[in-house]
Each structure stands twice: as structure tokens, then as C-alpha cells.
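Written below as C-alpha cells is the structure these notes are about.
The values are calculated or read from the model by the stated rules, or taken from the named source; none is laboratory data. These figures come from a predicted structure and were not determined experimentally. Quick reminder, even Gly has a Cβ in these numbers, built from the backbone with ideal geometry, and neighbours come from all protein chains shown.
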Amino acid sequence: MQQAEHITESEVDIEKKKQELYSEIDALGIKSDSRINKLKKFLADRKIWHLEEMDYPLRNSYEQYLRGQIRSQIVSFYLKIYDTVKQQHIYQQMQTLNGKRIYEWKYQNKIYFLKYYPEKEIAETFETSYKTNLLVWDFTQNCSEVLKKQIFYTLSRIIANTSMSKAYRNVRLKSLKLLYDSCVQLNITDIGLLEMEQVETILKNFPETSQRSILGECRRDAFMQQEQIQWEANVWYLERLHLGKHRIDESKSLISISFMEVKEIQNREILQAYMKYELGITGQAVSTIVRRFVCIRNFIELLEQEKILAIHATVAEVKKYADGLRERGIQAKGFNERIFGIGHFYKFMEVKQYITRMPFRIEYFQQKEVIVHHDRSVEETVYMEILKKLYLFPERLRCMFLHLWCLGLRASEVCTLKGNAYYQQGEDYWIQVYQVKMKNYKRIPIPQALYQIMKVYLKKHEIQPEEFIFKNSRGGACLYGTFRTQMIEACRENKIANGEYLFQSHDYRHTVATMFYDSHVSLQSIRNYLGHTYEEMTRQYIDYMPQRIAKANDEFFEMQGSSLASWLKKEEKDGK
């Protein structure tokens with residue numbers, strides 16, 4: 001009797017739960033038909049009493065259930081209802097605080113189905129995707145949790161990028177899944193610690209070269225999202241180091257520093273410690289530090305080819321390296337920069353007690369630098385032709401070129417100009433430019449016409465005071481390489497100098513300096529205008545000096561009473 005009552009109570013309880021489940025489904029407002037009824041029956045039979053319990057593994061079970069019940073051709077239509085019910089439940093729950101907590105997009109050790117993404121606008125973009133394998137992400141696999149979190153982070157970034165086309169997004173998802181599978185097979189624990197050989201092995205799994213960039217993206221994401229900077233990572237991304245903007249030339253595409261080329265762990269750890277000191281303590285321009293780093297890394301690679309650790313290098317290895325530089329024809333300035341860089345590295349090791357003392361003396365290898373002047377001024381016929389055809393160039397290139405031709409700015413200075421660069425004082429017009437190379441600002445007068453042109457440009461493009469005027473696709477400063485490539489192409493298309501002119505931005509600094517000198521502007525004023533520290537550097541920008549000296553010499557001897565013959569006759573007369 002008691003058993004019968006217990007069974008009855010259980011049946012009542014089950015029936016109650018069943019009705020509550022059906023009511024929850026009906027409340028979603030989905031039109032009832034045979035597909036809804038079959039889903040209700042399946043959920044009730046499996047004792048799934050809450051829609052929150054519906055997930056991708058249950059979806060797979062439902063698919064198998066359907067294949068035993070209905071024709072395979074219509075299974076997808078029934079699965080569509082399963083997805084719709086789950087999606088509508090998620091969207092409804094996302095309107096509540098508790099629901100947001102439950103369905104928040106965050107890493108968990110589970111299988112994710114992208115059609116169940118909590119943001120409706122994004123989830124709907126996956127509705128027409130028939131590549132289910134790209135929508136299913138299994139983070140229950142038996143592999144490193146660090147790796148899974150790194151893959152999840154990049155996956156989240158790709159999904160959230162609504163500006164990406166669906167086709168391109170699918171390419172990125174396919175590439176990321178291939179990377180994930182490859183890392184699992186190779187037992188990779190941390191993408192940030194990948195060795196060169198592992199990278200090469202992984203990339204062999206990518207059938208298309210265009211897919212390979214996903215590895216760099218994921219490695220960057222892994223480095224950027226760490227709470228603490230991962231100094232032991234084999235590639236450092238400069239953005240994460242929060243370096244002062246005054247140290248960075250934003251017109252250059254310097255994004256990362258790679259230590260992967262250094263194979264020996266001890267060598268790599270010392271080099272990483274050195275770079276941590278350089279970037280964190282010295283305050284030097286990042287481009288200067290990285291140039292020196294590359295020279296040091298190349299030297300260490302040569303040592304490793306000889307199976308020599310950096311701490312065991314002697315003067316013989318440095319001499320061999322120096323001989324190699326001479327054989328390659330490296331000029332004295334570049335030669336000395338490389339030797340001084342290696343010396344700086346070894347001095348660091350000495351101070352940090354990796355070695356007892358420097359293995360060589362820098363002075364022994366130093367070469368004498370003989371300054372060789374190169375005339376680089378642009379011919380007047382060339383720049384006048386550009387000016388005549390400038391209206392045919394894209395608007396941005398027109399404005400950028402005028403800054404070179406009028407002012408002789410460095411290309412990096414033009415690329416990084418901001419909306420607040422121009423101002424008027426009385427009847428004079430000025431520009432304020434930050435010089436990354438000198439790490440200071442300079443203010444120079446500019447023509448009124450250029451000032452007015454730029455004011456119109458700023459207003460037209462709604463450029464704010466702190467925005468870069470000439471932007472790249474991501475809103476940062478225009479890269480110098482992009483500017484130069486576009487100018488070369490524009491000059492070719494417009495047949496400047498019959499299509500043979502090769503644009504070089506730095507030539508215009510020579511042109512402006514030489515023009516000023518011809519106009520009897522003092523060397524000190526030219527130095528200030530160009531933003532140099534020393535007059536010796538400014539002299540290198542004034543072209544045709546030998547011709548000027550010869551001309552001045554001829555003019556002197558052509559003057560009445562100044563010829564050599566007249567002077568000699570005067571000497572003879574005075575001697576009598």
C-alpha cells in the first residue's frame with residue numbers, strides 16, 4: 001500500500017515537472033507543431049526539466065534519437081527547433097541578472113556551440129553556417145588548461161569582431177581550430193613558450209599559407225592577456241610593456257621582439273634579462289634598443305653554431321664576427337654600432353656577474369668613421385612636375401607630400417602628426433612636431449597656404465586634437481612603409497620623370513636645407529629648423545658643397561685686384 005502511494009506520488013511529481021517544462025517552452029512563443037512536440041517528449045523522457053540543461057552534448061543525443069525516429073533528410077529541421085528553443089531561452093535569461101551570470105561568455109571546461117552565444121546579434125550571424133565543425137569547440141579535451149584558455153581567448157576575440165566578414169571569420173575559425181588540434185597532438189602546454197622547431201611543425205599542418213598568421217595572433221593574445229608580463233615568453237609584444245609613447249616611433253611597424261632564434265636556454269635567459277633592463281630602465285628610443293638587440297642576437301646565433309655559450313665567448317669569437325662584417329662590406333658607422341652593441345651586452349653580463357670580466361676591448365675593433373656626403377636634393381624639374389600633377393594624387397598623399405616639400409619634415413614626423421599640430425600666433429603660422437629620434441618637440445613656422453589647407457582637411461575629416469591626422473586602418477599612425485609605397489605608386493601612375501622617379505622622403509630634407517642655405521640662411525637657423533642637435537649633422541644635409549666652394553673660389557679670383565697675378569705683382573713691388 002505504501003509502495004503504491006510512493007509510485008503515485010512520483011508520477012504526480014514527474015507530471016508536474018513535465019507540465020512546468022512544457023509551459024516554459026510554450027512561454028517562448030515558438031509556434032507549436034510536431035517538431036516542438038517531439039522535442040518536448042525527448043526532454044521529458046530524458047528527465048530534462050529545465051531549459052538551462054539543454055547543451056550541445058544533449059543536442060547530439062537528440063540528433064541520434066531523431067535518426068531512429070524520422071527520415072534523415074528532415075533531421076536538420078527538427079534540430080533547428082532544438083536550437084531555437086535554446087537560443088530564445090538564453091536571450092530571455094540574459095534580461096535578468098541571474099541569467100547573465102549563468103550565460104556569461106567565459107572560459108569553462110565544457111563544449112561550446114557558437115549558435116548559443118549569449119549576444120543575439122552575434123549568435124544570429126552563425127544561423128546560416130552549415131560548417132558545424134567550426135561552431136563546436138571542445139574545451140573538455142585532456143590537454144593543458146593554459147593552452148585551452150589561450151585558444152578560448154583568441155576564439156572570443158574573433159567572434160566579437162563584428163566588422164569581420166562571415167567568409168573571413170570562417171577562415172580564421174578554421175585556422176584556429178587547426179592550431180588547437182595541432183597543439184593538442186604535440187602536447188603543447190603554452191603557446192607563448194613555443195620553440196622554433198615546434199612552430200615549423202605546426203605550420204606544416206596548414207594547407208594554405210594565408211592561414212598561418214593565426215599562430216602569431218594567438219601568441220600575441222596569450223602574451224597580451226596575462227595579468228603579469230610573461231618575461232619568459234619567446235616573443236614579446238611591445239604594446240603589453242606599456243612603454244612611454246615618447247620612446248616609440250608609431251610610424252614604424254615594430255610590434256614584437258623574438259627570442260626564438262636563440263636555441264640555448266641559458267643564452268636566451270640572459271638575453272631576455274638584458275632586454276628587460278634595456279626596455280625598462282634605460283629610457284632609450286625603442287627602435288635604437290631593437291637595432292642593438294638584433295645585432296646581439298645575430299652574434300649569439302653565430303656562437304651557437306660553434307656550440308659556444310655567450311658566457312664562454314672570447315676575443316677570438318668577436319674577431320671572427322668582426323671579420324665577417326668586413327667581408328660583407330659593412331661601413332664603419334654600421335660596423336661600430338654592431339661592435340658597441342655586443343660590448344654593451346657583455347658589460348651588462350659583467351655587472352650582473354654572469355661573467356667575471358669583459359672578454360674583449362671595444363677600442364681594439366673600433367673603426368675610424370669617415371663622413372661621406374651624398375647629394376640627395378630632389379631636382380627642381382622633378383618636384384615641380386609633382387606639384388603640377390599633385391591634384392591627381394589621393395588627397396591624403398597630397399597633404400603629406402606638402403609637409404615634406406614645404407617643411408623638410410622627417411617622414412615619421414609627418415606620419416605621426418596630430419590634429420593639434422597647427423596654430424596661429426599673430427600673423428604667423430606654426431606647426432608643433434614631436435621628434436621621436438630626438439625625444440622632444442620642435443616648433444617651426446609654416447606657410448599660410450599649408451596652414452589653411454590643413455585646417456580644411458581637419459574639418460572635412462572631423463579629426464580631433466589628439467587624433468592622428470593620417471591614420472592606418474586601425475586608427476593608429478600611418479606607417480611609413482605604407483606612405484612610401486603609395487607615393488611610389490602614385491608617382492609611377494602619373495609618370496613623374498617619365499615614370500622613372502623613385503620617391504625617397506628623406507631627399508626633401510636635403511632639398512629644404514640646401515634651398516635655405518642658397519638663400520643665405522645661417523647654418524644655426526637651418527639646424528634648428530630641421531631639428532638637429534649639432535651643426536655637423538646639418539652640414540650633411542646641405543648638398544653640392546664642393547661646387548659651392550669652387551664657385552666662391554672663382555668669384556673671388558675674378559674680383560678686381562684679387563687675382564693671383566695681381567697679388568704677386570703687388571708683392572714684387574713691395575719687395576723693391
| How many residues, within the range 461-502, are of a type outside the set (Asp, Glu) and under 25 Å from the mean Cα position of the chain (by Cα)? | 25
| remark: Going through the range 123-170 in order, the residues found to be part of a loop (DSSP other than H, G, I, E, B) and among the basic types (Lys, Arg) are 131
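Hey, among the residues in the range 373-392 that are assigned to a loop (DSSP other than H, G, I, E, B) and of a type in the set (D, E, K, R), which one's modelled with the lowest pLDDT? Steps first, please.
To start, the set of residues in the range 373-392 that are assigned to a loop (DSSP other than H, G, I, E, B) comprises 373-379.
Right, trim to of a type in the set (D, E, K, R) and you get 375-376, 379.
Values: 375: 81, 376: 88, 379: 92.
Among those that are assigned to a loop (DSSP other than H, G, I, E, B) and of a type in the set (D, E, K, R), it is 375.
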| Among (1) in a helix (DSSP H, G or I); (2) at negative phi; (3) without any contact (Cβ under 8 Å) to a residue 24 or more places away in the chain; (4) surrounded by fewer than 19 Cβ atoms within 10 Å (Cβ to Cβ) - the single one residue 502 does not satisfy | (1)
| Does the range 25-35 contain at least one residue that is modelled with pLDDT of 90 or more and within 21 Å of residue 111 (Cβ to Cβ)? | no
| In the range 183-198, what residues are assigned to a helix (DSSP H, G or I) and within 26 Å of residue 240 (Cα to Cα)? | 183, 191, 192, 193, 196, 197, 198
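Yes/no matrix, rows are residues, columns are (1) without any contact (Cβ under 8 Å) to a residue 60 or more places away in the chain; (2) surrounded by fewer than 17 Cβ atoms within 10 Å (Cβ to Cβ); (3) part of a loop (DSSP other than H, G, I, E, B):
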site	(1), (2), (3)
200	yes, yes, no
226	yes, yes, yes
251	no, no, yes
257	yes, no, no
262	yes, no, yes
269	yes, yes, no
276	yes, yes, no
279	yes, no, no
284	yes, yes, yes
| task | Give the range 172-193 a look and list any residue that's surrounded by fewer than 17 Cβ atoms within 10 Å (Cβ to Cβ) and β-branched (Val, Ile, Thr), or say none. | result | 189
| note | Picked from the range 117-164 (must be closer than 21 Å to residue 100 by Cα and touching a residue at least 60 places away in the same chain (Cβ under 8 Å)), the residue nearest to the chain's Cα centre (by Cα) is 157
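Filter the range 422-445 for residues that are among the small types (Gly, Ala, Ser) and modelled with pLDDT of 95 or more and give the result. Working first, answer last.
Pass one, the range 422-445, residues among the small types (Gly, Ala, Ser): 426.
Once the filter is applied, which keeps residues that are among the small types (Gly, Ala, Ser) and modelled with pLDDT of 95 or more, the range 422-445 yields nothing.
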| Selection from the range 402-419 of residues that are within 25 Å of the chain's Cα centre (by Cα) and either assigned to a loop (DSSP other than H, G, I, E, B) or under 17 Å from residue 382 (Cβ atoms) (or both) | 409, 410, 416, 417, 419
| task | Tell me which residues, restricted to the range 299-346, are closer than 25 Å to residue 288 by Cβ, small (Gly, Ala, Ser) and either touching a Lys or Arg at 6+ places or on another chain (Cβ under 6 Å) or part of a helix (DSSP H, G or I) (or both). | result | 310, 322, 324, 332, 334, 341, 343
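Going by what's in this entry, would residue 399 be described as touching a Cys at 6+ places or on another chain (Cβ under 6 Å) and either within 30 Å of residue 341 (Cα to Cα) or modelled with pLDDT of 95 or more (or both)? Even if it seems obvious, please write down each step before you answer.
Working: touching a Cys at 6+ places or on another chain (Cβ under 6 Å): no; either within 30 Å of residue 341 (Cα to Cα) or modelled with pLDDT of 95 or more (or both): yes.
Here the answer is no, as residue 399 does not meet what is asked.
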